[in-house]
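Asks: Have a look at this one before I ask anything.
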Amino acid sequence: MNKNRLLFVLFLIALAALARLLPHPANFAPIAAMALFGGACLPDRRLAYAVPLLAMFLTDLILGLHATMAFVYLGFVITVAIGGLLRRRLKAVNIAFAAVSASVIFFILSNFGVWLLSGLYSHDITGLLACYTAAIPFLQNSLAGALFYSAVLFGGLALADRCLLHSHTA
């Protein structure tokens, strides 16, 4: 990966992280897309995990820390790994499938954490099902956000690559 492309990928991740700080509908955020993008587009696996995790943590310091962070970050790490599987398969359908998969995994993990730690639900199957049921509206927004921001990040990089390719061949 050339230096300019690497800097552009880092720039897009930074923009996605900053987008978390802007007003947005609940869970319509760039979190999953940022992790997928980092996993798929950063050349070194250590960077692929470190950069999106650092971006997430720095924005969490501003947005607030919470009891279920371990579950959220586990989902985020799994999403980076899913992004790594995309590395050589960057097609729109694969990216969309990865975004949906990551959102569902994140939904399962983060809401399990809410059920386990929040005290809002009984610690039995009824409470777990009630927790997941109450979270369905958030899943819809997570899916929409993951798909939208994945299109922006991966599409932005593809457009930049195309423009750079054409500027070198002209």
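The values are calculated or read from the model by the stated rules, or taken from the named source; none is laboratory data. Because the structure is predicted, anything quoted here is derived from the model rather than measured. We place every Cβ from the backbone using ideal geometry, glycine too, and count neighbours over all the protein chains shown.
Asks: Checking residue 118 against (1) out of contact with any Gly (no Cβ under 9 Å at 6 or more places or on another chain); (2) within 30 Å of residue 3 (Cα to Cα); (3) in contact (Cβ under 8 Å) with a residue 24 or more places away in the chain, only one condition comes out false. Which one?
Replies: (2)
Asks: Residues in the stretch 9-20: is at least one free of Cβ contacts under 8 Å to residues at least 24 places away in the same chain and either out of contact with any strand residue (DSSP E or B) (no Cβ under 8 Å at 6 or more places or on another chain) or surrounded by fewer than 18 Cβ atoms within 10 Å (Cβ to Cβ) (or both)?
Replies: Step one: of the stretch 9-20, the residues free of Cβ contacts under 8 Å to residues at least 24 places away in the same chain are 11, 15.
Of the ones still in play, those that are also either out of contact with any strand residue (DSSP E or B) (no Cβ under 8 Å at 6 or more places or on another chain) or surrounded by fewer than 18 Cβ atoms within 10 Å (Cβ to Cβ) (or both) are 11, 15.
There is at least one residue in the stretch 9-20 that is free of Cβ contacts under 8 Å to residues at least 24 places away in the same chain and either out of contact with any strand residue (DSSP E or B) (no Cβ under 8 Å at 6 or more places or on another chain) or surrounded by fewer than 18 Cβ atoms within 10 Å (Cβ to Cβ) (or both).
Asks: Looking only at the stretch 119-149, which residues are closer than 29 Å to residue 17 by Cα and touching a Phe, Trp or Tyr at 6+ places or on another chain (Cβ under 7 Å)?
Replies: Those that are closer than 29 Å to residue 17 by Cα and touching a Phe, Trp or Tyr at 6+ places or on another chain (Cβ under 7 Å): 131, 135, 139, 141, 142, 144, 145.
Asks: Then there is this: Would you mind stating whether residue 143 is touching a residue at least 24 places away in the same chain (Cβ under 8 Å) and not in a helix (DSSP H, G or I)? Steps first, please.
Replies: Values: touching a residue at least 24 places away in the same chain (Cβ under 8 Å): yes; not in a helix (DSSP H, G or I): no.
Criteria not met by residue 143.
Asks: Related question: Show the residue pairs meeting these rules: Cβ distance below 7 Å; 6+ apart or different chains; first residue within the stretch 37-51 and touching a residue at least 60 places away in the same chain (Cβ under 8 Å) and farther than 10 Å from residue 9 by Cα; second residue in a loop (DSSP other than H, G, I, E, B) and not hydroxyl-bearing (Ser, Thr, Tyr).
Replies: Going by the 7 Å Cβ cut-off, the qualifying pairs are 40/87; 40/90.
Asks: Still on this structure, please answer the following. Answer yes or no: is there a residue in the stretch 141-155 that is more than 13 Å from the chain's Cα centre (by Cα) and crowded, with 18+ Cβ neighbours inside 10 Å.
Replies: no
Asks: Consider residue 154 carefully, then state whether it is among the aromatic types (Phe, Trp, Tyr), within 20 Å of residue 47 (Cβ to Cβ) and in contact (Cβ under 8 Å) with a residue 24 or more places away in the chain.
Replies: Yes: the conditions hold for residue 154.
Here's the yes/no breakdown for (1) farther than 16 Å from residue 148 by Cα; (2) in contact with a Ser or Thr (Cβ under 8 Å, 6 or more places away or on another chain):
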{"residue": "6", "(1), (2)": "yes, no"}
{"residue": "24", "(1), (2)": "no, no"}
{"residue": "33", "(1), (2)": "no, yes"}
{"residue": "37", "(1), (2)": "no, yes"}
{"residue": "40", "(1), (2)": "yes, no"}
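Asks: Restricting the stretch 110-137 to residues that are of a type in the set (A, V, I, L, M, F, W, C) and buried (at least 19 other Cβ atoms within 10 Å of the Cβ), which is nearest to residue 67 (Cα to Cα)?
Replies: In the first step, residues of the stretch 110-137 are kept if they are of a type in the set (A, V, I, L, M, F, W, C); the result is 112, 114-117, 120, 125, 128-131, 134-136.
From the residues that got through so far, the ones that are buried (at least 19 other Cβ atoms within 10 Å of the Cβ) too are 114-115, 131.
Numbers: 114: 8, 115: 11, 131: 16 Å.
My answer is 114.
Asks: Return yes or no: is residue 146 more than 23 Å from residue 95 (Cα to Cα) and either modelled with pLDDT of 95 or more or not polar (S, T, N, Q) (or both)?
Replies: For residue 146, the condition - more than 23 Å from residue 95 (Cα to Cα) and either modelled with pLDDT of 95 or more or not polar (S, T, N, Q) (or both) - is not met.
Asks: Continuing with the same structure: Please pick out the residue among 29, 67, 48, 17 that is within 17 Å of residue 154 (Cα to Cα), part of a loop (DSSP other than H, G, I, E, B) and at pLDDT below 95.
Replies: On the way: 67 fails: within 17 Å of residue 154 (Cα to Cα); 48 fails: part of a loop (DSSP other than H, G, I, E, B); 17 fails: part of a loop (DSSP other than H, G, I, E, B).
Checking each option against the conditions leaves just 29.
Asks: Among what's in the stretch 41-55 and is buried (at least 23 other Cβ atoms within 10 Å of the Cβ) and closer than 21 Å to residue 107 by Cα, pick the residue that is nearest to the chain's Cα centre (by Cα).
Replies: 52
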